[in-house]
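What follows is one structure encoded as structure tokens, with my remarks underneath.
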Amino acid sequence: MGSFWRGMCLSVLWVLASPAFGHKLAPSLLEIHETAPGEYDVSWKTPRFSPTPTPIVPRLPESCRDTGAHSAVYEGTGVRVRWSVSCRDPLAGALLQVDGLAENQSAALVRVEWVAGSVSQGLLNGSQPGFRVPEPAGPFKVVSDYARLGIGHILGGADHLLFVLGLLLLAGSGRQLVFTITAFTAGHSVTLALAALGVLRYPVDLVEFGISLSILVVAVELGRGASDGAHILRRFPWGAAALFGLLHGMGFAGALRDAGLPDGDIPLALLSFNAGIELGQLAFVGAAMLLAALFRRTPLARHAWLGWVPVYLIGVLSAYWCIERGLSALATF
């Protein structure tokens, strides 16, 4: 294990192993459809389970009153609640809020569809839990919101980052690393687009298990060591990146599908979300390489055994996820 990567691994794995990163929380979606002036149908989709006791709930303007009963249905790993409201004051310019985002380290996408067909939307998070409803959003707003959603999803997903970390350890540096990262991008871009557009359908729990299994496979290959022979994953890390990237793309699509795609701007939103994922991935790779370079300047770089610590940590975490998600997948059959 080259000393180039030791610093990077030891510096980032303690973050990935923390409880806050152990379970991803998909973004919530608040949709408001104007049916007549001052009359709206509301749809609120949020994960069924949260990592903290604090619930994630939307808060409409005080001038809005419920006019219909709330109905709830389960949709995969989320729950969707629908009801109707009547608002005395115009919704444009009003403040929509979602409570509990900071406590759960989550995000929420807000979409307001006006009776004329135009759409206003915004992305909320812990530091910005409120959304002042603007006039219909233009293309720049779509690009900004969905790119931020993609960046947040990749940087908030410990499993995806651990897989990228494993690829870095397998590929090393130079041309092999470029080919490997490019192959991973190509793989997940294909299934992300197909799944987000509804062309590709699959059991979500089974895909999540497959993602954790892909990390475990990479960890086992790393555990063999470069001196144990030229195994296929070590000889062709770009092949593993492309193949397993197909699985990770379906995982990315789950977050995008939960957030929803804006009518009329689906290609732009899809491209922006994927670009956000790539920006977040490149930021992670750049930070990892910087940490590795800094580590090489410390006395700890002389201890070869430190190179095995991240491999075992990746293996332990991925094995735990395999068991957890495997049991969850079996429960759905």
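The values are calculated or read from the model by the stated rules, or taken from the named source; none is laboratory data. In this text, all values refer to a predicted model and were calculated from it rather than measured experimentally. Note: ideal-geometry Cβ built from the backbone for every residue, glycine included; neighbour counts use all protein chains shown.
Of note:
- Filtering Val112, Val143, Val133 for residues that are under 18 Å from the mean Cα position of the chain (by Cα), crowded, with 18+ Cβ neighbours inside 10 Å and more than 30 Å from Leu313 (Cβ to Cβ) leaves a single hit, Val143.
- Qualifying residue in region 281-292 (condition: at pLDDT 80 or above, surrounded by 22 or more Cβ atoms within 10 Å (Cβ to Cβ) and either of a type in the set (Lys, Arg) or part of a helix (DSSP H, G or I) (or both)): no
- In region 252-272 there is no residue matching the filter, namely being surrounded by fewer than 23 Cβ atoms within 10 Å (Cβ to Cβ), among the hydroxyl-bearing types (Ser, Thr, Tyr) and at pLDDT below 75.
- Hey, Leu149 hydrophobic (A, V, I, L, M, F, W, C), under 30 Å from Pro51 (Cβ atoms), outside the structural domain of Ile232 (by TED's automatic domain parsing) and in a helix (DSSP H, G or I) or not: yes
- Region 167-197, residues that are within 18 Å of the chain's Cα centre (by Cα) and either within 13 Å of Phe244 (Cα to Cα) or outside any helix (DSSP H, G or I) (or both): Ile181, Phe184, Thr185, Ala186, Gly187, His188, Ser189, Val190, Thr191, Leu192, Leu197
- Leading residue by the ranking (modelled with the highest pLDDT) among those in region 60-75 that are assigned to a strand (DSSP E or B) and acidic (Asp, Glu): Asp66
- Ser86 satisfies every condition listed in (1) more than 18 Å from Pro27 (Cβ to Cβ); (2) without any contact (Cβ under 8 Å) to a residue 40 or more places away in the chain except (2).
- Which listed residue, of Ile211, Ile215, Ile154, is closer than 30 Å to Leu109 by Cβ, at pLDDT below 90 and assigned to a helix (DSSP H, G or I): Ile154
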